[in-house]
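Heads up, the thing below is written out as structure tokens.
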Amino acid sequence: MLLGQVFERFVTESPVSVMVRGLLEKALCPQIIDELFERSAKTQYTRELLFSTVVNLMSLVVCGVHPSVHAAHQASVEKIGVSVTSVYNKINGIEPSTSGELVREVAGQMEATIRHLNATIPDLLPGYRVKIIDGNA
């Protein structure tokens, strides 16, 4: 499961973590991510290393499960099946348009979930769509 190591320690003690895990697994579904890559990538291609595998590795680093991509790769080397060099080459070659599509896809799914749950908050600035880029500003 995607991000399984991140939330596993919270499952029994925090039902909110279970809900968040479900949302993340839905939003970061490997099939959807790989289809997104096939639609949006112009120069990159898939041979052995799937885009969803790279997203999974990066999520483990971002969430602090592993301190680096190399450490995340080493922990899952038998499942990944390619060298760490191949992983870094794939990461370095990801096109901005592909990254943008990933953000749009996940944001769209989360927005639909928020609307379905009627969990919207009042506009920060009525009449304008405000986007917070940095939580410090």
Among the listed residues Lys131, Lys90, identify the single one that is surrounded by 10 or more Cβ atoms within 10 Å (Cβ to Cβ) and either in contact with a strand residue (DSSP E or B) (Cβ under 9 Å, 6 or more places away or on another chain) or among the basic types (Lys, Arg) (or both).
Lys90
Consider Gly4 against the criteria (1) modelled with pLDDT under 90; (2) open to solvent by 30 Å² or more (accessible area, probe 1.4 Å): it satisfies all of them except one. Which criterion is unmet?
(2)
Would you mind stating whether Arg129 is charged (D, E, K, R), part of a helix (DSSP H, G or I) and without any contact (Cβ under 8 Å) to a residue 60 or more places away in the chain?
no
Inspect the stretch 114-125 for any residue being out of contact with any helix residue (DSSP H, G or I) (no Cβ under 7 Å at 6 or more places or on another chain), part of a helix (DSSP H, G or I), open to solvent by less than 30 Å² (accessible area, probe 1.4 Å) and of a type outside the set (Lys, Arg) and give the result as yes or no.
no
Please identify the pairs in which a residue from the stretch 92-108 that is under 15 Å from Ser52 (Cα atoms) has its Cβ atom under 9 Å from the Cβ atom of a residue that is polar (S, T, N, Q) and loosely packed, with under 12 Cβ neighbours inside 10 Å, counting only partners at least 6 apart or on another chain.
Gly93/Thr43; Glu95/Thr43
Counting just the residues of the stretch 36-63 that are outside any helix (DSSP H, G or I) and out of contact with any helix residue (DSSP H, G or I) (no Cβ under 8 Å at 6 or more places or on another chain), which one comes out least open to solvent (accessible area, probe 1.4 Å)?
Tyr45
With the structure loaded, tell me whether Val82 is under 14 Å from the mean Cα position of the chain (by Cα) and touching a residue at least 12 places away in the same chain (Cβ under 8 Å) or whether it fails that test.
no
Across the stretch 73-85, the tally of residues that are of a type outside the set (Lys, Arg), closer than 14 Å to Ser52 by Cα and in a helix (DSSP H, G or I) stands at 2
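The values are calculated or read from the model by the stated rules, or taken from the named source; none is laboratory data. What you see is a predicted model; the values in this text were computed from it and never measured. FYI the Cβ positions are ideal-geometry reconstructions off the backbone, even for glycines, and counts take in every protein chain you see. Note: areas computed on protein heavy atoms with side chains; ligands, DNA, RNA excluded. Shrake-Rupley method; radii C 1.70, N 1.55, O 1.52, S 1.80 Å.
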